[in-house]
Structure formats: structure tokens, C-alpha cells
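Read the structure below first, then the notes.
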Amino acid sequence: MQITIVLLWLLSRRDVPEIVEPSLILLHPKVKPKWNFCDELREIKEDPSSSLDSMLLKDLQIRAADLLDSQSYENLFKRVYQYPATDTPTRQYADRTIRGIEGERNRRQAAHLKQAHGRI
């Protein structure tokens, strides 16, 4: 997982169609029913030291917070979902992940609005 998440994050930063094939190779072992990539990120957040190689992140100049931000992966999962050769379980996984990212975005916006109203 230490390498997989870093590679997926790096691929997600690219805006080219060629990222889908290598992403599918990396994602295939992660695809589980009723599970999504946001669940993976939540598990890593619980104990980052066991899932993230701090030296690797330092060498690549990647902050763990950026790596664990589900919204960083949104475009990648949209591409995986739309890719014609994506198999059904992976397409479903991508769909669940996209919905998880949207849910996280909505939670952040609600918390921000609540905090803003508290200051008034």
C-alpha cells in the first residue's frame, strides 16, 4: 500500500488519458465489494506510520495530508469509471469512491459553514 497510494496520487495529478491503464493495474487488488478508496484512506489516517513510508514521502516532497486527501483522487476515479475497458467490479468501486469523495466534500462544506456562522 505504501507504494500503491503514492503512485495513484502521482497518477491523479496527471490530466492525460494514459493514466487509466496503470491505475487499473494498481487498483485491481484493492477492489472489494461495499468498499471504496476513501475507506482505504480512512484506515491509513488511523495509523499513518504503518501505511506510509515517511522517508519516501520526504524524498518525493509529498505531504501526507495531500496524499490522504480523498479529493486529490477525484479526477482519477472519474476517468477509471468512464473508461470503456474498466470491468464491472472496478467500475462499481470507482463509483463508490466518487460518491465517497462527494460526501467528504459536502461534510467539509457543512463544517465550514457551521464554523462561519459561529463567528457571526
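State yes or no: is L57 in a helix (DSSP H, G or I), touching a residue at least 24 places away in the same chain (Cβ under 8 Å), over 18 Å from I25 (Cβ atoms) and of a type outside the set (S, T, N, Q)? It is true that L57 is in a helix (DSSP H, G or I), touching a residue at least 24 places away in the same chain (Cβ under 8 Å), over 18 Å from I25 (Cβ atoms) and of a type outside the set (S, T, N, Q). Given the structure, is D66 free of Cβ contacts under 8 Å to residues at least 40 places away in the same chain, part of a helix (DSSP H, G or I) and either of a type outside the set (G, A, S) or within 25 Å of R108 (Cα to Cα) (or both)? When the stated conditions are applied, D66 does not pass them. Residue by residue through segment 22-42, note down the ones that are surrounded by 12 or more Cβ atoms within 10 Å (Cβ to Cβ) and free of Cβ contacts under 8 Å to residues at least 40 places away in the same chain. Passing the criteria: P22, L26, E40, L41, R42.
The set of residues in segment 74-120 that are within 17 Å of D39 (Cα to Cα) and either outside any helix (DSSP H, G or I) or aromatic (F, W, Y) (or both) comprises F77, Y93.
A residue that is among the charged types (D, E, K, R) and either touching a helix residue (DSSP H, G or I) at 6+ places or on another chain (Cβ under 6 Å) or at pLDDT 95 or above (or both) occurs somewhere in segment 13-33. Considering only segment 75-91, state which residues are without any contact (Cβ under 8 Å) to a residue 40 or more places away in the chain and either among the charged types (D, E, K, R) or surrounded by 14 or more Cβ atoms within 10 Å (Cβ to Cβ) (or both). Listed by number, the residues that qualify are K78, Y81, D87, R91. All of (1) assigned to a helix (DSSP H, G or I); (2) in contact with a Phe, Trp or Tyr (Cβ under 8 Å, 6 or more places away or on another chain); (3) among the charged types (D, E, K, R) hold for E43 with one exception: (2). I'd like to know if segment 96-117 contains one or more residues that are touching a Lys or Arg at 6+ places or on another chain (Cβ under 7 Å) and of a type outside the set (K, R). Checked against the condition, which is being touching a Lys or Arg at 6+ places or on another chain (Cβ under 7 Å) and of a type outside the set (K, R), segment 96-117 yields at least one hit. Residues that are buried (at least 18 other Cβ atoms within 10 Å of the Cβ) and over 11 Å from the mean Cα position of the chain (by Cα) within segment 1-10 are absent altogether.
Of all residues in segment 58-73, those satisfying the criterion of being of a type outside the set (S, T, N, Q), out of contact with any Lys or Arg (no Cβ under 7 Å at 6 or more places or on another chain) and surrounded by 18 or more Cβ atoms within 10 Å (Cβ to Cβ) are L67, Y73.
The values are calculated or read from the model by the stated rules, or taken from the named source; none is laboratory data. Just so it is clear, the model here is predicted, and its values are computed rather than measured. Methodologically, a virtual Cβ is constructed for each residue, glycine included, from the backbone with ideal geometry; neighbour enumeration extends over all protein chains shown.
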